[in-house]
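This report concerns only the one structure given below.
The values are calculated or read from the model by the stated rules, or taken from the named source; none is laboratory data. Since the model is a prediction, treat every value here as computed from it, not as a measurement. Don't worry about glycine lacking a Cβ; one is built from the backbone with ideal geometry, like all the others, and counts go over all protein chains shown. Protein only, heavy atoms only, side chains kept; ligands, DNA and RNA dropped before computing areas. Shrake-Rupley method; radii C 1.70, N 1.55, O 1.52, S 1.80 Å.
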Amino acid sequence: MRHLMLLVATLHLLNTAHVFGNDKFTESLQLEPLDNHLVLGQFKFSVTSSPNVLTTGHYHLFPKSLGEILHKYHIQELELSLTQGLWRYARWGIPSDGVANPPGASILVHFDSELPLEDVDKHWKGLINSLAGFICASLNYADNTVATSPQYTFTPRGAFNANKTFQHSHLRYANLPQENVCTENLTPWKKLLPCGGQAGLSSLLNSKPLFDSNYHSMSIIVRPQCKTSECDSINLNLTLGLSVVLAHPKKDYFTLSFLFRNSVGRECHIAESSTVVVKFPTVGKLSLHLESPPDNTVFSEQHTLASYKVTSNFNLKASYKVKPTYGAVAPPVLHTLRYLSGYGQEYGSIVCEITNNAEEVIQIVYMEYIPWFLRIYLHTLSITSNGSKVPVSKLLYSPGLERKKPSMFELLLNLPANATTVIRFDVEKLFLKWTEYPPDANLGFHVPAAIITGVIPDAPEGSSIQMLREGYGVVRFYTEKLVVLLPTPDFSMPYNVICLACTVVALAFGSIHNLTTKILIRPKEKKIPIMQRITRKIKKVLGFEVEEMVTSTQEVQSSTDKTPAGETTPRNETSVDSEPTVDGEVSLEDSEVTQRD
């Protein structure tokens, strides 16, 4: 019996290794305290597979539903994010893994360079429609009227094949800032995980605390990855990220189960590694004391990283060494403020203030991405710092076309040290067709966030910011989105006109309709039976009817003489004993007899 159990276990392990192949799955969660009793949680689920999985169709841990889309539309790199809320750079700093995506839905795609240029737009249209159904979002609105192709802002971040050249014409970027994120987006996102959401760190993804947070962002990133340092061979890497800023009661501690309203029930056995990392300042107001000793600890002058291995029924409790206060996070080296200026609904200006707190000059690429309903006046572009002009090293401008494509320009400039650089340009607000206004037209129209890309120096001493290093030290972050009020007609006036016109038409039409369609039916006269008519003729010939008439006349006169003074005979009584017709009139024959008498 014992040997049989060992044999079954061995066969199970061999079968598992055969099923998973060379695919690897890892998961991690990093917790970092912020000011005002906030905690940043960053989930990262990574699946590494062979690049041949897209062509052969033999999927193991890599999701087949996503792989078929990538293969059909010749995708080399894909970055998709759904974000609700705004990341506060001035208060929270720059996140350590760079998951500070712009509000709404954002799509960045690098198509294969071997794809013909005339087929790029066709593949982009098919891709956004497929992703819209895949993630249950309105990504189909990111058509050519919204998408653009920057040249300097986005470059391939994955392993790039030396036999292929990067072409910015094969790149598409689109942002839908008005897109909302809810549970219908979280459900298909969790289905991409090998353990689904039933085990491991994914069991902490409870929808109520996630969508009740100050900021949350889901992302899907697919890019090639080097196997070795020489990058002689590559793998296909899928990274599912989720960042959330959670609030906890104003106490001196927080627990993992209380933040996410759930706990890790059982571990995910498919994952090669499952860790929870707590990052906090070594010295400062946000320094923490961990109740359970970590498995591994890394100390530095600025931060401490405590790592835990996730097991069944895992929980974590951390308490503050000093009571946290507002403003405990130092401002980052670089932060921005973007807003609208001007008045009226016809013209305005867009202003972006970029503050450089470093002691050295920082070179950045500033990208503005303006929808077609705002017309840019490029000659009004001004870049100043402390009252003096800042020279522009390079300017790339792509003018927009109404109802066809957005406007976009990229600026390569140097930010002076310890100064604020102001970028300002004027825009004209176009008057749309009445069918192009949304139901909530008075709410305004959304303008996507601007993008700043640059090499950021190390954080100053005492700062709790861990700068993100993308590629060769390049950092990319986003500004605020804008809401612009366009010239909007009075949509209530057509409603009033319609009501008034319908009332008049109803009254006039009703009367005319009754007059022209009503059938007038003439009442039928009462017919006298034939025997009664024959009898009457006989009496008339024989004179009986005349005598009766005379006798009745004399009786009426005698009754009149007996009537008291002041009284008259009622009008409705007839002095002649005649037979009335249907209309109440005396017949002609009776009246002739009375005259003869």
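Values for this structure:
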| read-out | value |
| --- | --- |
| Selected residue (only one of ASN175, ASN180, ASN185, ASN129 is crowded, with 16+ Cβ neighbours inside 10 Å and either part of a loop (DSSP other than H, G, I, E, B) or out of contact with any Gly (no Cβ under 9 Å at 6 or more places or on another chain) (or both)) | ASN185 |
| Residue in the range 472-482 that is in a loop (DSSP other than H, G, I, E, B), surrounded by fewer than 16 Cβ atoms within 10 Å (Cβ to Cβ) and modelled with pLDDT under 80 present | yes |
| Residue under evaluation LEU412, criteria (1) touching a residue at least 60 places away in the same chain (Cβ under 8 Å); (2) under 31 Å from the mean Cα position of the chain (by Cα), criterion not met | (2) |
| Leading residue by the ranking (modelled with the lowest pLDDT) among those in the range 229-254 that are open to solvent by 60 Å² or more (accessible area, probe 1.4 Å) and not in a strand (DSSP E or B) | LYS250 |
| Qualifying residue in the range 124-136 (condition: closer than 20 Å to GLU368 by Cβ, aliphatic (A, V, I, L, M) and touching a Leu at 6+ places or on another chain (Cβ under 6 Å)) | no |
| Qualifying residue in the range 293-302 (condition: under 26 Å from ARG91 (Cα atoms), part of a strand (DSSP E or B) and open to solvent by 60 Å² or more (accessible area, probe 1.4 Å)) | yes |
| Of all residues in the range 30-60 being modelled with pLDDT of 90 or more, hydrophobic (A, V, I, L, M, F, W, C) and more than 27 Å from the chain's Cα centre (by Cα), the one that is surrounded by the most Cβ atoms within 10 Å (Cβ to Cβ) | VAL47 |
| Output for the range 303-320, where each listed residue is of a type in the set (S, T, N, Q) and assigned to a loop (DSSP other than H, G, I, E, B) | THR311, SER312, ASN313, ASN315 |
| Per-region count, the range 524-539, residues at pLDDT 75 or above and open to solvent by 100 Å² or more (accessible area, probe 1.4 Å) | 5 |
| Residue within the range 96-112 that is within 19 Å of LEU38 (Cβ to Cβ) and either charged (D, E, K, R) or touching a Pro at 6+ places or on another chain (Cβ under 9 Å) (or both) present | yes |
| Counted residues, the range 346-364 - those being surrounded by 13 or more Cβ atoms within 10 Å (Cβ to Cβ) and closer than 20 Å to GLY400 by Cα | 5 |
| Meets criteria (under 24 Å from ILE94 (Cβ atoms) and in contact with a Cys (Cβ under 7 Å, 6 or more places away or on another chain)) for ILE423 | yes |
| Test: ASN418 is over 22 Å from THR488 (Cα atoms) and at pLDDT below 95 | yes |
| Residue check for ALA271: touching a strand residue (DSSP E or B) at 6+ places or on another chain (Cβ under 9 Å), among the aliphatic types (A, V, I, L, M) and either open to solvent by 20 Å² or more (accessible area, probe 1.4 Å) or over 21 Å from PRO95 (Cβ atoms) (or both) | yes |
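Let's see how each residue does on (1) touching a Lys or Arg at 6+ places or on another chain (Cβ under 7 Å); (2) open to solvent by less than 20 Å² (accessible area, probe 1.4 Å); (3) of a type outside the set (D, E, K, R):
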| position | (1), (2), (3) |
| --- | --- |
| TYR366 | no, yes, yes |
| ASN386 | no, no, yes |
| VAL390 | no, yes, yes |
| PHE409 | no, yes, yes |
| LEU432 | no, yes, yes |
| GLU436 | no, no, no |
| PHE445 | no, no, yes |
| GLY454 | no, yes, yes |
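Table: residues versus (1) open to solvent by less than 30 Å² (accessible area, probe 1.4 Å); (2) at pLDDT below 90; (3) not in a loop (DSSP other than H, G, I, E, B).
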| residue | (1), (2), (3) |
| --- | --- |
| VAL109 | yes, no, yes |
| LYS122 | no, no, yes |
| ASN140 | no, no, yes |
| ASN144 | no, no, no |
| PRO156 | no, yes, no |
